[in-house]
Amino acid sequence: MIIDIHCHYTTEPAALHTFRDKQLAGLADAARRPAAKTLADLNIGDETIVQSLQPQLKLQKERGSDLTIFSPRAAGMAHHVGNAQVSRQWTTISNDLIHRITQLLPDNFAGVGQLPQFPGVAPAECIDELQRLADLGFVGVNLNPDPSGGWWSGPPLTDRHWYPLYEKLVALRMPAMIHVSSCCNPNFHHTGAHYINADTTAFMQLIQGDLFRDFPELKFVIPHGGGAVPFHWGRYRGLCLSIQKKPLAEHLLKNVFFDTCVYHQPGLRLMTEVVPVSNILFASEMLGAVPGIDPDNGFHFDDTKRYIDALSGLEASDRHALFEGNARRVYPRLDELLKRRGR
C-alpha cells in the first residue's frame, strides 16, 4: 500500500474562495461580511466536491499511490489574518470540508485538520477543535509554530505555552505536522523560504529543549524533507552533543519524523543516506508548492514516488516502511481506520 502523508486541498470549489474573500472584506466593512456561518450555508454539493478532486484522483492513479492524508491548503490557513474569531470560523469550515471529502471518498483520503490558531492566543484555545477533529475521524493535525506569519513573535515549540495542546495530542494519539502558513514578512517567500526556515527552526528548537522527556509519546512530522536538516545532519548531530550531551538519535528520533517532499533525485538520495529510514514517510505535496515539469527529466517536480523508486540500495523492508509501515506507526488512528476496513 502506498500512503502519501502530505497533500493539501488546493483545488477547492469557488464557493469556498468567495466566502473567504467576503470574510476578510468584512474586517474592514461589516456590511460586506458573508451571510454564511457554516459549511452547510455555502451550499457546496457532493458532486461539486468530487469534481474538484479529479486532479488529485487522476494523479493518485497515474503515480501509483493508494491513500492520501489530506488537509486544508497550508497557505490558506493564514493564522495571522483577521482576529481569533475569524480564524476559528475559517478553521471550522475548512476542516468540515475535509471531513466531507473523507466521507465521500474514504478509500482515497484520510483527514488532517488545521487548528484555530492566532497570534497571542494560547494554544489551549485549540483543544476543543482538536477533540472535534478526533471525533470526526481525523488522523492528525497541522500545527503552525509561527501563527504570526513570519515574524516569530511567539515562544518556541518547547515552551510550556504549548503544553496543554501537547497533552491533548498525546491523549488522542494524534501526531502533528509542523507546518507554517502564508507569510506577511516581505523578506521570506512563503514556500521557498518561510516553509523551509520553519522546518529547520523547529528542528533546532527541539534540539535545544527537552520536550520529549515530558511527552515521550508525542510525535511530530517535519515536512519538506526537514528543510535544511538532512543537508546539515552533521551540524545538528554535533550541536545536539554539545547542548544535550547525548546523541541526536537518542534525543529526538523516537519522536520526530520527516517527509519526502524533496523535489529532486539527489535530495532524496541524501536524505535516505543520512536520516534513518524509520524516520522517513512518503509524501508528495502534489498540486502544492512546486507545480510544473522538471526540464531536466520531463517529469513533474512533485512526483516524488518516482525518486524513491529509483533509489538503489533500499531493501524491500525499507521501501515498505517508507511507503506504508512508518505512516501506520506514526499515525495510529490511520492504522486503526485501515484495519477496520480490512486493509
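Just a yes or no: is a residue in the range 162-178 open to solvent by less than 40 Å² (accessible area, probe 1.4 Å), of a type in the set (Asp, Glu) and not in a loop (DSSP other than H, G, I, E, B)? Quick ask: steps written out before the conclusion?
Within the range 162-178, the subset open to solvent by less than 40 Å² (accessible area, probe 1.4 Å) is 162-163, 165-166, 169, 172, 174-178.
Pick out the ones that are also of a type in the set (Asp, Glu) and you get none.
No.
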Q: Report the residue count in the range 299-314 for those that are open to solvent by less than 70 Å² (accessible area, probe 1.4 Å) and either under 21 Å from the mean Cα position of the chain (by Cα) or basic (Lys, Arg) (or both).
A: 7
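Taking the conditions exactly as written (in contact with a strand residue (DSSP E or B) (Cβ under 9 Å, 6 or more places away or on another chain) and of a type in the set (Ser, Thr, Tyr)), does residue 260 satisfy them or not?
Details: in contact with a strand residue (DSSP E or B) (Cβ under 9 Å, 6 or more places away or on another chain): yes; of a type in the set (Ser, Thr, Tyr): yes.
So residue 260 passes the test.
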Q. Somewhere in the range 329-338, is a residue buried (at least 16 other Cβ atoms within 10 Å of the Cβ) and farther than 24 Å from residue 113 by Cβ?
A. no
Q) Taking helices (runs of 4 or more DSSP H) that fall entirely within the range 184-303, which contain at least 1 residues that are under 24 Å from residue 149 (Cα atoms) and touching a residue at least 12 places away in the same chain (Cβ under 8 Å)? A) 195-208, 211-214
Q. Any residue at all in the range 36-50 that is at pLDDT below 95, open to solvent by less than 70 Å² (accessible area, probe 1.4 Å) and part of a loop (DSSP other than H, G, I, E, B)?
A. yes
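What do you reckon, is residue 148 over 30 Å from residue 301 (Cα atoms), modelled with pLDDT of 95 or more and of a type in the set (S, T, N, Q)? Break it down into steps so the answer makes sense when it comes.
Working: over 30 Å from residue 301 (Cα atoms): no; modelled with pLDDT of 95 or more: yes; of a type in the set (S, T, N, Q): yes.
When the stated conditions are applied, residue 148 does not pass them.
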Q: Might you let me know whether the range 286-298 holds any residue that is over 20 Å from residue 106 (Cα atoms) and touching a strand residue (DSSP E or B) at 6+ places or on another chain (Cβ under 6 Å)?
A: yes
**Q.** Subset of the range 1-35 (residues that are over 30 Å from residue 326 (Cα atoms) and in a loop (DSSP other than H, G, I, E, B))
**A.** 13, 29, 33, 34, 35
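Determine if the range 86-94 includes at least one residue that is more than 30 Å from residue 320 (Cα to Cα), assigned to a helix (DSSP H, G or I) and touching a strand residue (DSSP E or B) at 6+ places or on another chain (Cβ under 6 Å). Let's see the steps before the verdict.
Going residue by residue through the range 86-94, those that are more than 30 Å from residue 320 (Cα to Cα) are 86-94.
Restricting the remaining residues to those that are assigned to a helix (DSSP H, G or I) gives 86-94.
Imposing the further condition that a residue be touching a strand residue (DSSP E or B) at 6+ places or on another chain (Cβ under 6 Å) reduces the set to 94.
Looking for residues that are more than 30 Å from residue 320 (Cα to Cα), assigned to a helix (DSSP H, G or I) and touching a strand residue (DSSP E or B) at 6+ places or on another chain (Cβ under 6 Å), one finds at least one in the range 86-94, hence yes.
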Q) Pick from the range 55-99 the residues that are free of Cβ contacts under 8 Å to residues at least 12 places away in the same chain and of a type outside the set (Lys, Arg): which of them is farthest from residue 152 (Cα to Cα)? A) 62
Q: From 133, 157, grab the single residue that is in a helix (DSSP H, G or I) and either over 21 Å from residue 93 (Cβ atoms) or open to solvent by less than 50 Å² (accessible area, probe 1.4 Å) (or both).
A: 133
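The values are calculated or read from the model by the stated rules, or taken from the named source; none is laboratory data. Remember, predicted model here, so these are calculated numbers, not experimental data. Quick reminder, even Gly has a Cβ in these numbers, built from the backbone with ideal geometry, and neighbours come from all protein chains shown. Note: areas computed on protein heavy atoms with side chains; ligands, DNA, RNA excluded. Shrake-Rupley method; radii C 1.70, N 1.55, O 1.52, S 1.80 Å.
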